[in-house]
Amino acid sequence: MSALLRPEPPREGGAGIAPGLDGPELGGPVLAPPPEGPVLAPPGHGPGTGTGEQSGEEPGGIRRRLSRRTMLQAGLIGGAGVAALPLLALVGGITRTDEQPTGLAFSMNTNWLFGGQYASGSESSFFDDSNFAPVTVPHTVIPLSWKDWNYSAWQQVWIYRRHFNGARLLDPHLPGNRILVDFDGVMVNATVSINDQVVATHQGGYLPFSAEITRQVTSGDNLLSVVVDSRCLPVPPVGIGRGPGSVDFFQPGGIYRDVRLRVLPQVFLADLYARPADVLGSEPRVDIECTLDSAATAPADGTLLVQLFDGQQQIAAQTTAVKAGSPGTSTARLSLTGFGPVSLWSPDSPKLYTVQATLNVPGTGSHTLSRRIGFRETSFRPDGFFLNGKRLQLFGLNRHQLYPYAGMAMGTRVQRKDAEIIKNEFNCNVVRCSHYPQSPAFLDACDELGLLVWEEAPGWHNVSNIAAWQDAVLRDVRAMVTRDRSRPSVIIWGTRLNECSDFPGLWAATRQAARELDSTRPSSGAMAFHEDATWNEDVFAYNDYGTEGKTGNVALKPPFPGLPYLVTEAVGVEAVKPQHFAWTDPPAWLGHQAAMHGQAQSQARSDPGYAGLLAWAAFDYGSLLGPGPYDIKWAGVADGFRVPKPGAAIYQTQGDPAVRPAIVPVFFWEAAGPVPSSGPAPGQIVMIASNCERLEVFIGGTLVASAQPAAGSPLYGGLAHPPFLVRLPKRLPKPAPDLLIQGFVGGQPVAQVRMSARPAGDALAMAVDDATISADGSDATRVVFRAIDAFGNQRRYGSGQVALTLSGPATLLGDNPFEFGQYGGLGAVWIRSLAGQPGAITLTASHPLLGQAEVQVRSLPVQHASELA
């Protein structure tokens, strides 16, 4: 194939952190510290005594020693119960920590100690952690390959510890005296303790939580411990009594998103919701809602300044007096007006503005919080989706945040890269975050790139009438909406869980919860059945895997008249079993994937009743539900390494040819000619995806075809740029001569692709996404290696390994050697920086037949680093 160039009330003390449970428990009890008596051991471990000394070997050779002194806070696991934890670190659109003018924020990604499987008391300061392994987060609890993930291996309870010096935090000259630690995501349940006191529990892996540690921090060494329960617990998306196979995607455990520590005033801004309004009118405004969190001992008067910036220029400001409760939360509302016309946010012009709120309470200091916003108006109607008053056909893909080797534990750069691929390489204007709220870094990129987002609460098929489980769903919906409601990219909330049966009371409650927090967006939920009799959401969403029985062509169900209608899944591998789309599969299967995606998107564009279609899926991902080998769902138009497969050809060629003309043959060129091909004699028909107006095809220098796009085809004619179905000569010399495809627009040649059948010119190619990375210990960049022909096209290659050699201040995230032939002639790894170690990095790949290739990367010092030692 060718390569294409409502916040919840705080608990007593104003900390906003629940010291115990709020409501029924799920996934087992949280064991509070006993005032005296025996240590409580977690499931799977023998009871501890609380005195004496124990030692033993854990898997991985980690030796543990318990002090003779009484240990406090042992047994803090068993599945974190549902706690009322206000989301104090809402990451969506917040100004970067190194840019905040007030307060202090420290990254806590480095200097963690990982002790492997939890041992009784291992979260205690009296536990010897000298043999724990140093790690940087994001982190997954077990090593992973690209294949055959052993999900049972992470179905355990784990321990992370981090020491830090509190002298800097307790300095009286600092602008605050409240200290919080924020976790963007821990899979699945977490119990957080500081200096042997439990400060937070959290349930569920996809949303942030915070713990206030103000009263526990000392001026000396402090121990932050996190007990992570990554067993398959009855926490959405998993149902009550269900196992790992009850969801379609793996959930590897760990502290897999960023961690930070903040020093804040007695009264600070816990949330900022910025909501553009009347954006198409002559007097647009921004409605502001600020949540104040106070630990003051008496009501305090202060001022709230809210500013709107276009770049560095202030274009509007408003100041209001506020009174902070004592203690607790309060809300201040105001509007920014008088700034005149604005530039609208859209996929073609994703203009962002910044809303900055500064709270100043005399005697306690000031605090600033920011959100990035976009001025845009959206609506779903029976005749489609409208953005800024104009109909926009939604054209997109679903995305899982799973990666080879790392599970979900990838940092900012890699998360952002996915958004860039979907928007810029695949020409999509929308992505569905299936089936959970995804990384803030990914959503930041969507805001910046103009990639619209369907965001949904964690769920997949499972639903329960158990009140505690339903309460967890409601908390997830509230947390999701609160985190991301200021984002311009998010256009709809998935408040009904994916493909779940009808629980009218639950879905009414989730829908109402979202509306109370954000009245500007509709709600929906992807359905597995084409039935609207009990439908009460705003937009009907259907996962449509329909095909015609005889031909295997895509056949979408029709929209419901008078109801906004969106196809939220199509194609995948469900419609083509037993086919799947791995690189080692028959080329005809790979070509069929491209055809089906073209047909599905074409049909959705042919009827305005379809607001659009989000096909399944952007990338392959780890799953127990197949079909296909290695416990991978091979449904992506790109593989797990994010390398486009033939199935991506239609997406790669739907862009404007004036910006990027594209030609993507949906076949390999080999000794016998095109593979695959189809069609009756006297020729063989091949698909060539392109956005050109005309193609000319040459074999061995001879013009053999001049072709037009299949604009009149009932299968592909609805596409903005239908593929070309080209008939090539039946008989070709052996081996086939070189193939040349030239593309024309306006009568002028604008693009060409050459392909070679001669294996003598084959080589090993290697490319890296980024020339530089940051020496923060979590930054990483992808390196792809492939077997290519003489002109750089992907060659099917069925044997051998690729050996990798890395030099410089970095680690290799990947298999070495890599089973090149087993995967199908290509592969990838990630180069990850080492914290505080800048320098030059070289990665060399070698294959016994294809030779060597090399890439270089430079790891740069972290600018304005603020890491807490």
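The values are calculated or read from the model by the stated rules, or taken from the named source; none is laboratory data. Remember, it's a predicted structure, so these values are computed and weren't measured experimentally. Positions of Cβ are generated from backbone atoms using ideal geometry, with glycine treated the same way; all protein chains shown enter the neighbour counts. All accessible areas refer to the heavy atoms of the entire protein, side chains included, with ligands and DNA or RNA removed. Shrake-Rupley method; radii C 1.70, N 1.55, O 1.52, S 1.80 Å.
A few remarks follow.
- Directionally averaged projected area (segment 779-869, Cα convex hull): 6.8 nm².
- When you count the other C-beta atoms within 10 angstrom of each residue and take the mean per peptide, 296-306, 651-661 line up highest first as 651-661, 296-306.
- Environment charge at Tyr542 (Cβ cut-off 11 Å; Lys +1, Arg +1, Asp -1, Glu -1): -4
- Split the accessible area of the chain by element, probe 1.4 Å, and carbon with sulfur accounts for 51%.
- Loop-located trypsin sites (Lys or Arg not before Pro) in segment 313-391, at most 12 other Cβ atoms within 10 Å (DSSP): none
- Added length on full extension, which subtracts the Cα-Cα distance from 0.36 nm per residue, Leu624 to Gln512: 36.9 nm
- Applying 1/(1 + (r/R0)^6) with r as the Cβ-Cβ distance of Asp310 and Ser246 and R0 = 51 angstrom yields a FRET efficiency of 0.60.
- Cβ-based net charge around Ala869, under 12 Å, with every Lys or Arg adding one and every Asp or Glu removing one: 0
- Computed over segment 424-541, the convex hull of the alpha-carbon atoms projects to a mean area of 7.3 nm².
- Vicinal HN-Hα couplings computed from phi for segment 261-272 (Karplus, 6.51 cos²θ - 1.76 cosθ + 1.60; Hz; Gly/Pro x): 10, 10, 10, 10, x, 4, 10, 9, 8, 7, 7, 9
- Cross-link partners for Lys550 among the lysines, with Cα-Cα distance under 22 Å and sequence neighbours closer than 8 places in the same chain left out: Lys577.
- Placing pseudo-labels 7 Å out from each Cα toward the beta carbon at Thr337 and Lys550 gives an inter-label distance of 6.6 nm.
- Calculated on the Cα set of segment 595-705, radius of gyration then Dmax: 16.7, 49 Å.
- Extension gain, Ser606 to Ala767: 0.36 nm times the residue separation minus the Cα-Cα distance gives 54.1 nm.
- Pairwise centroid distance, computed over Cα atoms, of segment 580-594 with segment 806-849, Å: 27
- Taking label points 7 Å from Cα along the Cα-to-Cβ direction, Leu474 and Ala528 give a separation of 2.6 nm.
- Taking each of Lys147/Lys633; Lys147/Lys417; Lys351/Lys390; Lys557/Lys633; Lys423/Lys645 in turn, the alpha-carbon distance tops 20 angstrom for Lys147/Lys417; Lys557/Lys633.
- 25 °C / 0.890 mPa s Stokes-Einstein diffusion coefficient of segment 427-483, Kirkwood radius on C-alpha pairs, µm²/s: 195
- Note: the chain, Cα convex hull, 159 Å³ per residue.
- Along segment 321-331 the Karplus relation, 6.51 cos²θ - 1.76 cosθ + 1.60 evaluated at θ = phi - 60°, assigns HN-Hα couplings of 7, 10, 10, 7, x, 9, x, x, 10, 9, 10 Hz to successive residues, with x for each Gly and Pro.
- In the chain, helices alone account for a calculated mean residue ellipticity at 222 nm of -2500 deg cm²/dmol, with every DSSP H run of four or more residues adding -39,500 (n - 2.57).
- Inter-part distance where segment 343-398 and segment 149-209 are each reduced to a Cα centre, Å: 31
- Per-pair calculated FRET efficiency, R0 = 51 Å: Thr702 and Arg858 via Cβ, rounded to 0.05: 0.60
- Computed FRET value (nearest 0.05) for Gln197 with Gln752, which takes r as the C-beta separation and R₀ as 45 Å: 0.10
- Normalised radius of gyration (Cα atoms, divided by 2.2 N^0.38 Å) for segment 184-263: 1.25.
- Annotation for segment 745-792 versus segment 282-301: alpha-carbon center distance of 51 Å.
- Note on Ser799: accessible area approximately 50 square angstrom, rounded to 10, probe 1.4 Å, nucleic acids and ligands left out.
- In the context of the full protein assembly, Trp830 retains an accessible surface of approximately 10 Å², using a probe radius of 1.4 Å and ignoring ligands and nucleic acids.
- Fully extending the segment from Ala671 to Arg381, taken as 0.36 nm per residue of separation minus the present Cα-Cα distance, adds 99.2 nm.
- Over segment 668-758, the fraction of Cα-Cα pairs per 5 Å bin, rounded to whole percents and listed from the shortest bin up, is 3, 14, 24, 26, 18, 11, 4, 0.
- For His721, solvent-accessible area (1.4 Å; no DNA, RNA or ligand), Å²: 40
- Amide H within-cut-off set for Asn816, under 5 Å, with H built and near neighbours excluded: none
- From the largest down, segment 529-580 spans 36, 18, 15 angstrom on the principal axes of its Cα atoms.
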